[in-house]
1. Determine, yes or no, whether B:E155 is charged (D, E, K, R), within 14 Å of chain A (Cβ to nearest Cβ) and out of contact with any Pro (no Cβ under 6 Å at 6 or more places or on another chain).
2. Take B:A439 and tell me if it is at negative phi and either in contact with a His (Cβ under 8 Å, 6 or more places away or on another chain) or surrounded by fewer than 18 Cβ atoms within 10 Å (Cβ to Cβ) (or both).
3. Within region A:188-211, identify whether any single residue is of a type in the set (S, T, Y) and crowded, with 18+ Cβ neighbours inside 10 Å, and answer yes or no.
4. Out of region A:181-223, which residues are part of a helix (DSSP H, G or I), out of contact with any Pro (no Cβ under 8 Å at 6 or more places or on another chain) and facing chain B (nearest Cβ under 8 Å)?
5. Let me confirm something: among A:M239, A:M151, A:M218, which residue is exposed (fewer than 15 other Cβ atoms within 10 Å of the Cβ) and touching a helix residue (DSSP H, G or I) at 6+ places or on another chain (Cβ under 8 Å)?
6. When only residues in region B:91-114 that are within 21 Å of B:K368 (Cβ to Cβ) and without any contact (Cβ under 8 Å) to a residue 12 or more places away in the chain count, which is farthest from the other protein chains (Cβ to nearest Cβ)?
7. Provide a single number: the residues in region B:346-391 that are among the β-branched types (V, I, T), outside any helix (DSSP H, G or I) and farther than 18 Å from B:D163 by Cα.
8. When you look at B:E397, is it over 23 Å from the mean Cα position of the chain (by Cα), touching a residue at least 24 places away in the same chain (Cβ under 8 Å) and in a helix (DSSP H, G or I), yes or no?
Amino acid sequence: MNRGGFWSDVSKYRVLLLMLLPAVLFFLLFAYIPMAGIVLAFKQFNYNGGIFGSPWNGLDNFRFFFESGDAWRVTRNTALYNIAFIIVNNVLQIAAAILLFEAARPFFRKIFQTMLFLPYFISWVVVGAIAYNLFNYDYGMLNSVLGWLGMEPIDVYNTAAYWPLLLVLISAWKALGYGTVMYLAAITGLDREMYEAAEIDGANIFQRIIHITIPNLMPTLIILMLLAIGNIFRGDFGMFYNMVGTNGILFSTTDVIDTYVFRALTANNDIGMSAAAGFYQSILGFVTILVANWAVRRYDKDRALF
Amino acid sequence: MKMKTKKATLLPLAAALSLTAILSACSGGGNAEPSAAPTASPAPSAAAGESSGAVDTSQEVKLKMILVGGKPVDYDKVFGELNAKLKEKINATVDVEFLDWSDWNQKYPLKFAANEDFDLVYTANWAYYNDQALKGGFLELTEDMLKKYAPQTMESMPAVSWDQAKVDGKLYMVPNNNVEVNDKVVLYREDLRKKHNLPEINSLDTYAQYLKAIAANEKGIIPYGAKAGDGWKWHEMDQATLEQHNDWNLVDTTLPLAYKMDDATGQIFNIYDTQEFKDLLVYYKDLADSGVWSKNVVSNKNDVWQDIKAGKVASYAAQNLGTAGANLAEMRRDNPSLEVAIADITPDGKKIAAISTQNGMAVHATSKNPERALMLIDLLQNDKEIHDLTMYGIAGENYVPEGDDKYTAGPAAGNYTGFSNWGWNSPLNRKDASYPKEADDIFNSWQSKIYHFPLETFVFNGEKVKAEVANIGNVMTRYAIPLEYGLIKDIDKGHADLIKQLKAAGIDKVQAEMQAQVDAFLAAQK
């Protein structure tokens with residue numbers, strides 16, 4: 001690369017760079033610049049001082065979270081739920097994508113795809129209300145059906161043990177369509193000649209799936225996993241809050257960092273303490289993604305994010 | 001910049017991914033801040049008067065006023081008319097800036113911090129009154145000023161209202177002049193009470209008897225409705241069954257700390273530690289086991305009042321009298337086949353009046369025309385014509401006056417409502433003609449039992465113990481609510497758990513801090 005090559009590169013790739021510009025601006029404006037707000041985690045915020053003028057208070061904002069004795073429980077819940085979501089959702093999405101691609105004609109593929117996608121657009125508030133009407137002890141649909149069958153009613157909203165399964169299922173139902181489209185796009189992009197060659201060599205459909213489709217989906221899977229892993233310590237607030245609400249009986253198995261912090265801080269609106277909780281999650285997420293990326297790098301250098 | 005050539009397979013994916021990344025970056029953060037908007041209940045009207053002419057108003061001034069709430073649709077019409085009148089009376093016009101409910105609590109302090117140019121501002125004990133008074137945001141109002149520029153207000157306002165509005169002995173607002181009682185009532189299906197021949201509801205026991213009878217005899221009706229998972233950290237009956245029943249006052253609804261109303265020394269105690277609370281748990285457990293409320297009450301997502309209106313729920317407790325009265329009127333209008341009634345289940349208790357700083361108007365510390373600002377407040381509160389106009393809008397459009405002290409909603413009622421004109425509530429307020437007589441009767445019977453006590457205006461400042469306050473709130477949601485709603489099988493064990501968790505969350509430290517503040521508050525009053 002010669003001197004001044006930068007500008008010639010700029011002019012050479014100007015169209016591509018222009019396409020990149022909105023994303024760069026977006027992240028600069030909404031992700032990088034606001035990052036300076038992290039200082040709030042160590043400050044006693046007041047309106048007069050603002051973000052930078054408020055007095056420092058050391059680690060005071062972190063106290064509530066770590067002194068509560070709940071920090072470990074909610075952090076563990078958050079991570080376990082997200083790991084379960086990542087594994088279950090990706091497996092189901094890949095399976096659905098392969099099934100749609102191999103088994104359905106293009107016309108039906110479109111219809112199924114749309115149907116699978118539908119739950120993605122239903123807001124969590126609505127999902128929460130639907131779930132309440134399904135599982136309500138007194139008049140929920142589940143218990144009505146059980147009643148007709150002469151079985152004992154199930155008290156879903158007072159039994160913490162059901163919830164991990166329930167939440168994983170609901171998350172899978174909601175995310176299925178979105179992920180399926182992503183994997184379907186990847187499969188559609190695969191070179192058809194590989195399949196034709198395999199077919200001529202006598203490979204049946206299962207062999208083709210196991211030896212061609214799945215290995216070729218690995219790069220997609222790895223990138224999606226890496227992105228998901230970075231958020232492993234962020235609970236999906238919309239989901240947990242609307243499904244569980246403030247039902248204390250379920251907290252032992254359903255409380256995640258986000259709902260815990262929300263409940264603790266809505267009463268006193270303390271910006272510093274909220275920032276501290278966010279900071280904690282960011283640090284954990286950052287470390288996890290570094291470790292995960294390092295692991296991927298060791299396995300296959302080309303597939304790591306950086 | 002070099003681009004790595006990747007397989008073509010990744011291209012559609014990359015497009016999809018960048019979209020996801022952008023979407024997910026969008027979905028971060030976001031804090032819902034529920035803001036409580038107290039409803040003003042009108043009081044009967046009396047005097048009207050003329051403004052004093054002794055002040056020099058030869059110079060025309062433009063006043064700027066800040067109010068909380070959304071700008072009403074008919075603002076231009078109503079305030080246009082107001083300004084014509086004000087020009088005549090005090091040679092001034094006023095322009096209002098509205099801070100919308102969605103973000104008023106962020107904007108409000110900023111108006112002071114940035115020292116913007118305004119003269120009058122709405123304030124209240126729940127809207128930064130103490131905070132801004134101590135920070136020097138408001139002009140101190142002396143008795144001389146009030147006598148000179150707000151003589152009518154000076155005359156009609158009870159002395160106790162002025163006293164309640166003082167912060168460290170100094171006055172910074174003209175509080176509203178309106179008696180409200182904080183006590184809560186129950187609303188229930190009267191037709192069902194008659195049908196099952198149940199005694200009149202006037203105590204905890206008769207209420208329990210009613211609820212249990214409905215549970216046993218009315219299939220398909222849930223006797224008691226609550227929205228327990230709404231962030232409120234108590235059983236919804238607690239204000240009646242715990243506070244009013246025992247004459248206690250909770251210092252801050254997010255903490256289980258209270259004092260006895262007649263205790264002059266202001267001893268703070270932990271409500272959960274009392275025998276009264278334990279007894280109440282037995283009362284609640286009995287109700288829960290009788291099927292008085294849904295087993296899923298903590299997850300209830302339905303609107304309780306709508307369920308009552310639809311005949312699915314028989315009762316709620318404990319609500320503001322004003323809300324219950326309005327609901328009663330609504331039921332009579334919309335669904336007269338169901339008969340509801342209001343009852344006070346603690347009729348003998350001491351009643352707490354809402355303190356005057358519930359609503360009020362203050363003058364900005366750097367106002368250039370504090371005299372004219374005070375004169376405006378005087379007119380808003382005490383001039384019948386101006387009070388009617390600013391409270392209810394244009395007669396015949398936004399409201400229809402009935403006599404001197406009542407009104408009914410006009411065709412354009414919705415176009416002039418929803419903002420804090422409660423700041424100048426006064427005896428001139430009109431009453432909604434459809435407001436039920438029963439509610440009025442209860443209110444009147446309360447008037448004589450209103451009890452004033454030294455700690456009435458005490459507000460706890462939790463800044464020093466904010467970590468503990470946050471954790472105690474979480475413990476209350478997680479351990480106290482299920483326990484109170486009878487969802488824990490063994491109440492003794494549940495109670496022991498609650499106490500243990502509270503200790504761990506630092507209740508002792510908060511209690512000590514609160515006691516210190518109470519002691520200082522009482523000492524300052526002497």
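1. no
2. no
3. no
4. Once the filter is applied, which keeps residues that are part of a helix (DSSP H, G or I), out of contact with any Pro (no Cβ under 8 Å at 6 or more places or on another chain) and facing chain B (nearest Cβ under 8 Å), region A:181-223 yields A:V181, A:M182, A:N216, A:P219, A:T220, A:I223.
5. The conditions single out A:M218.
6. Per the criteria, the residue is B:A114.
7. Residues that pass the stated criteria total 2.
8. Criteria not met by B:E397.
The values are calculated or read from the model by the stated rules, or taken from the named source; none is laboratory data. Only a predicted model underlies this, so the values are computations on that prediction, with no experimental measurement involved. Every residue, glycine as well, gets a Cβ built from its backbone with ideal geometry; the counts of neighbours run over all protein chains shown.
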